[in-house]
Structures are given as structure tokens and as C-alpha cells.
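This report concerns only the one structure given below.
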Amino acid sequence: MSNVTNDPIADMLTRVRNALTAGKLEVIVPKSNIKIEIARILKEEGYVEDYTIGDETPVPLIRIQLKYFGSRRDRRPVITQLRRISKPGRRVYRKRSELPIVLSGTGIAIVTTPKGVMTAQQARRSGVGGEVLCYIW
């Protein structure tokens, strides 16, 4: 599992997207501090059930328990879409006043700011802008 990726956040979002499409109950991603923060926000905002951080060697992993709604036959994922915004080749920074509102407030934008990783709404409240990592709805 030692595949090197240029964009680990896009890799994480793709793994979550693929697991949701396949109806999996959990997805496993290599651990990094930024991914832990993204998983924390997804849990706080109710997009995933929970996440656990392992200490496997050589690569520690994050296990994210995915969340679905509906009865077993026609259950649908809570997350309908994940979109990477800022990429290694094209970083997207926004001032506090320009932070995005995703789908009229039904989705979230995850932003990395000088005060840490948070949703765009939290960043607006904290009075900071930052790099827009992704949209989730």
C-alpha cells in the first residue's frame, strides 16, 4: 500500500466516493494530520458515522465509517458529492468575505486557515480566510 500520490486529499475523497458508490460500510485511507481534520469535520457535520485512527506499520491508517439513510433495500449515502477545489497545480485561496456557500448552505466547504482546518461557515465566524480544500454535499 505504498503508492505515492501527488494529491493525498484528492486520493482520500476518491476513496470515499468509490466506497459510497460500492455501498461499503467503511473506507480506509493512509493517515495524515490534514486527513484526520477532514474526517473530524465530516463527523461533526454528520456526513460520516465515525472514524478511528490506527497505528499500523509501516503506514498508519484512518478508518472512516460511512453513513447511509433509508431502509436496507434502498439506502442512499448521506454524501451525494465530494469535489476537490484547491489542487497542487492550482491553489484556491479566498478572503473571509469570499468564502463559498455550497448549495445555498446545504453543503459544506472545508477550508484550511491560519486557525486550523474548519468549514467555511466556521472560518467566516472566526474572521479568517484560507485555502478552499473541497466541497461536500
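The values are calculated or read from the model by the stated rules, or taken from the named source; none is laboratory data. Every value quoted in this text rests on a predicted model; they were computed, and no experiment measured them. Cβ placement follows ideal geometry from the backbone for every residue including glycine, while neighbour counts extend to all protein chains displayed. All accessible areas refer to the heavy atoms of the entire protein, side chains included, with ligands and DNA or RNA removed. Shrake-Rupley method; radii C 1.70, N 1.55, O 1.52, S 1.80 Å.
Structure data summary
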read-out	value
Number of the exception - Glu56 against (1) farther than 28 Å from Gly129 by Cα; (2) surrounded by 11 or more Cβ atoms within 10 Å (Cβ to Cβ); (3) touching a strand residue (DSSP E or B) at 6+ places or on another chain (Cβ under 6 Å)	(3)
Some residue of region 63-70 being over 26 Å from Lys24 (Cα atoms) and of a type outside the set (A, V, I, L, M)	no
Filter result for Thr80 (within 25 Å of Val4 (Cβ to Cβ) and not small (Gly, Ala, Ser))	no
Region 67-85, residues that are touching a strand residue (DSSP E or B) at 6+ places or on another chain (Cβ under 8 Å) and open to solvent by 100 Å² or more (accessible area, probe 1.4 Å)	Arg76, Arg83
So Ile62, is it buried (at least 19 other Cβ atoms within 10 Å of the Cβ), in contact (Cβ under 8 Å) with a residue 24 or more places away in the chain and assigned to a strand (DSSP E or B)	yes
Evaluation of Tyr51 against (1) at pLDDT 95 or above; (2) not in a strand (DSSP E or B) (one fails), failing number	(2)
In region 88-136, the residues that are under 14 Å from the mean Cα position of the chain (by Cα) and open to solvent by 50 Å² or more (accessible area, probe 1.4 Å)	Tyr135
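Here is a yes/no grid of residues against (1) surrounded by 16 or more Cβ atoms within 10 Å (Cβ to Cβ); (2) in a helix (DSSP H, G or I); (3) touching a residue at least 12 places away in the same chain (Cβ under 8 Å):
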| site | (1), (2), (3) |
| --- | --- |
| Val4 | no, no, no |
| Ile9 | yes, yes, yes |
| Met12 | yes, yes, yes |
| Arg15 | yes, yes, yes |
| Ala19 | yes, yes, yes |
| Val27 | yes, no, yes |
| Lys35 | yes, yes, yes |
| Ala39 | yes, yes, yes |
| Leu42 | yes, yes, yes |
